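Here is the structure we will look at.
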Amino acid sequence: MGSEVVALKVDVDTYAGTRDGVPRLLETMERFGIRATFYFSMGPDNSGKAIRRIFTRKGFLAKMLRTRAPSAYGLKTMLYGTLLPAPMIAESFPGVLRATAESGHEVGIHCWDHVKWHDLLPWFPKPVTAMELGKAGSLFERILGRRARTTAAPGWTVSPDSLEIQDAMGLDYCSDSRGSHPFYPRMAGREFRTLQIPTTWPTMDEILGENGITPGNINDHYISLLKSGLNVHTIHAEMEGGVMAASFVELLQRLQGRGVRFVTLGEAAVEFAAGAPVCDLMMGGLPGRAGDVAIQRPLTV
Ligand SMILES: [Zn+2]
């Protein structure tokens, strides 16, 4: 058994990604015999409102143009919540959530309203943060017949309130952060008890177009990042399950060819939690990403 372990974290952000991207990823993973962890956006698809990031975040427009987001996401998606009404995601496709669970994958909550959380979390009063997670949680339970055991915040955006509410939900673990190894977060001087399993690799949209990385050589880069122990790769139903599907299939072939062992994040939580340290968690910038993300830091005393 190889010592390189990879957990695939699938973020499902949109209505179209749930409808088209997830079934495609399920088929791909079935073919490779891989089980992953899928995080669903449960409420309205307000993707069109992400347009406000063009005005509020430096570099967002350049990034949208560089990654050709409109072709990855589709014109309709770019208008949801603005010129077109925001469609409800999980209510529209409960069968997709059930099929994901029935195929042996782990299913968790990404959010209620992705754009709202990603753009406005720091300004939410605590009851609003609780309501976003609460609405997502009750619909999850209604569709899957059990409570969610894990959540993963949109755009790796967290606050002390969101961590506190996740503690209160009694989750097994969360995957809200970027970093190197599982840890217990300390934010704004407060320690939280829900294990964090951070994403360790950059996402496709962060590195495409940077440092000569193209769709043709991006997998060389990913293979070069592979380390022994746990690697966590976040993919998107809209990208790896859509326009970048061929590249993702090649990545899986190469990882399997090296004898990498695939686990779900839940399995990783069990396997790698022992001795997990307390680390500071802070919002900060990452290369290739327009907004701030929650980053694991060594604990400062
Ligand atoms: Zn997302």
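The values are calculated or read from the model by the stated rules, or taken from the named source; none is laboratory data. All values derive from a computational prediction rather than experimental measurement. Positions of Cβ are backbone-derived with ideal geometry, glycine not excepted, and every protein chain shown enters the neighbour counts. All accessible areas refer to the heavy atoms of the entire protein, side chains included, with ligands and DNA or RNA removed. Shrake-Rupley method; radii C 1.70, N 1.55, O 1.52, S 1.80 Å.
Taking 8 Å as the Cα distance limit and 6 or more residues as the minimum spacing, I'd like the relative contact order of the chain as a percentage.
Averaging sequence separation for qualifying contacts and normalising by length gives 28 percent for the chain.
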I'd like the antiparallel share, as a percent to the nearest 5, of DSSP beta bridges with both residues in segment 141-250. 40
Greater than 32 Å separation of Cα atoms is the criterion. Which listed pairs, Lys76/Lys227; Lys126/Lys227; Lys9/Lys49, meet it? Lys76/Lys227; Lys126/Lys227
antiparallel share of DSSP beta bridges within segment 4-297, to nearest 5, in %, is 20
Would you work out which of Val270, Ile223, Met88 lies farthest towards the positive end of the dipole of the chain, given +1 charges on the beta-carbon of Lys and Arg and -1 on that of Asp and Glu, about the Cα centre? Met88
In segment 115-172, which trypsin sites (Lys or Arg not before Pro) are in a loop and have at most 13 other Cβ atoms within 10 Å, using DSSP for the loop call? Arg146, Arg147
With every protein chain kept in place and a 1.4 Å probe, the chain has an accessible area per residue in Å² of 42
